[in-house]
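Engineer: The following block contains the structure, expressed as structure tokens.
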Amino acid sequence: MPRTKNLNQATTTPTTSPSGTISQPSTFTDGGPLPKLLVFDLDYTLWPFWVDTHVSPPLKASSDGLTVSDAYGDSYGFYPDVTSILDAAKAKGIPIAAASRTHTPDLARQMLRLLRLPCSPAADSSPLPASPSTSAITSDTPTTTTTPANSPPPLPPSKHSSPTTSSTTSSPSPKALSTFAHLEIYPGSKMTHFARLHAATGIPYAEMLFFDDESRNREVEKLGVVMCLVRDGVTRAEVDRGVRSWRARTGRDGG
């Protein structure tokens with residue numbers, strides 16, 4: 001959407017670090033229980049901007065896919081820990097979902113389609129496996145619900161799932177979009193987002209851990225979801241804090 005240039009906007013664009021350069025959350029390897037679904041807000045959780053306020057189309061990805069520039073020439077990317085966190089969740093077999101109440105869902109999806117999650121330098125220099133275990137989403141079609149402009153989509157008729165790795169042969173870095181098994185991106189209360197995630201996955205609310213930067217979205221805890229409030233983007237430490245909170249609140253912290 002058109003917007004006036006924000007002179008106070010940070011001039012340094014954060015970019016996500018390659019997978020493996022940041023240690024995975026310690027709670028992923030301590031032998032304790034883990035949620036069955038990780039859900040992330042987008043704005044100021046996975047990336048440091050409001051996509052419906054700060055970003056003006058058309059968008060263009062950088063050559064490495066780590067940033068996307070808009071009509072004003074401003075660049076946008078993920079927080080540094082995002083790739084390592086998402087890759088660690090995939091390695092543990094935990095599906096990932098996005099729950100955003102942005103008023104520009106199509107723009108948010110385009111951002112996810114253009115941004116890439118960089119592999120580690122070692123992975124970049126290694127040959128591709130002879131027999132990959134999964135195939136990628138080769139189209140840019142979102143994997144769950146449709147996105148209306150101002151109202152939530154209809155309930156999905158059946159369980160949805162999608163591969164979480166990329167088969168792109170021209171680049172070892174997958175599109176961020178391919179990492180998400182479920183997308184709930186539209187305006188309105190996140191009670192609706194989680195009702196639809198529950199309907200789509202069959203996963204109990206108590207098995208969901210949600211990361212969001214807005215305290216008003218704690219309302220989803222009425223459903224049984226555990227929410228971790230983040231203030232400056234999701235980090236490895238925030239994920240550990242969230243998992244420990246989830247264990248404590250669901251009675252699985254060993255206490």
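Engineer: Here are the criteria: (1) at positive phi; (2) touching a residue at least 24 places away in the same chain (Cβ under 8 Å). Tell me which single one L223 does not satisfy.
Structural biologist: (1)
Engineer: Regarding M191, is this residue open to solvent by less than 10 Å² (accessible area, probe 1.4 Å) and more than 20 Å from V51 (Cβ to Cβ)?
Structural biologist: Against the criterion (open to solvent by less than 10 Å² (accessible area, probe 1.4 Å) and more than 20 Å from V51 (Cβ to Cβ)), M191 does not qualify.
Engineer: OK, next. Go through (1) in a loop (DSSP other than H, G, I, E, B); (2) modelled with pLDDT of 95 or more; (3) surrounded by fewer than 21 Cβ atoms within 10 Å (Cβ to Cβ) for T21 and report which single condition fails.
Structural biologist: Unmet condition: (2).
Engineer: Just to be sure, is M208 closer than 29 Å to T15 by Cβ, touching a Pro at 6+ places or on another chain (Cβ under 9 Å), surrounded by 17 or more Cβ atoms within 10 Å (Cβ to Cβ) and at pLDDT 95 or above?
Structural biologist: When the stated conditions are applied, M208 passes them.
Engineer: Separate question: Which condition does I94 not pass, out of (1) in a helix (DSSP H, G or I); (2) over 21 Å from E214 (Cβ atoms), if it passes all the others?
Structural biologist: All conditions are met except number (1).
Engineer: Of the numbered conditions (1) open to solvent by less than 50 Å² (accessible area, probe 1.4 Å); (2) of a type in the set (A, V, I, L, M, F, W, C); (3) in contact (Cβ under 8 Å) with a residue 40 or more places away in the chain, F49 fails exactly one; give the number of that condition.
Structural biologist: Going through (1) open to solvent by less than 50 Å² (accessible area, probe 1.4 Å); (2) of a type in the set (A, V, I, L, M, F, W, C); (3) in contact (Cβ under 8 Å) with a residue 40 or more places away in the chain one by one, F49 breaks only (3).
Engineer: Being at pLDDT below 95 and open to solvent by 10 Å² or more (accessible area, probe 1.4 Å) is true for just one of A10, A71, A61. Which residue is that?
Structural biologist: A10
Engineer: Please count how many residues of the stretch 55-87 are of a type outside the set (S, T, Y) and under 30 Å from L34 (Cβ atoms).
Structural biologist: The number of residues fulfilling the criteria is 10.
Engineer: Separate question: Within the stretch 224-235, is even one residue open to solvent by 10 Å² or more (accessible area, probe 1.4 Å), within 18 Å of the chain's Cα centre (by Cα) and closer than 18 Å to L34 by Cβ?
Structural biologist: yes
Engineer: Within the stretch 73-81, identify whether any single residue is out of contact with any Pro (no Cβ under 7 Å at 6 or more places or on another chain) and without any contact (Cβ under 8 Å) to a residue 60 or more places away in the chain, and answer yes or no.
Structural biologist: Yes, that holds for at least one residue.
Engineer: With the requirement that a residue be in a loop (DSSP other than H, G, I, E, B) and more than 19 Å from L86 (Cβ to Cβ), what does the stretch 184-230 give you?
Structural biologist: Correct list: Y186, P187, G188, S189, G202, P204, E214, G224, V225.
Engineer: Can you tell me how many residues within the stretch 74-87 are crowded, with 21+ Cβ neighbours inside 10 Å and not in a loop (DSSP other than H, G, I, E, B)?
Structural biologist: 7
Engineer: When you look at S17, is it over 30 Å from G254 (Cα atoms) and of a type in the set (G, A, S), yes or no?
Structural biologist: For S17, the condition - over 30 Å from G254 (Cα atoms) and of a type in the set (G, A, S) - is met.
Engineer: I've got another one for you. Restricted to the stretch 26-46, and to residues that are assigned to a loop (DSSP other than H, G, I, E, B) and of a type in the set (G, A, S), which residue is surrounded by the fewest Cβ atoms within 10 Å (Cβ to Cβ)?
Structural biologist: The qualifying residue surrounded by the fewest Cβ atoms within 10 Å (Cβ to Cβ) is G31.
The values are calculated or read from the model by the stated rules, or taken from the named source; none is laboratory data. Small disclaimer: the values here were computed from a predicted structure and weren't measured. Counting neighbours? That spans all protein chains shown, and the Cβs are built from the backbone with ideal geometry, glycine included. These accessible areas exclude ligands, DNA and RNA; they are computed on the full protein's heavy atoms, side chains included. Shrake-Rupley method; radii C 1.70, N 1.55, O 1.52, S 1.80 Å.
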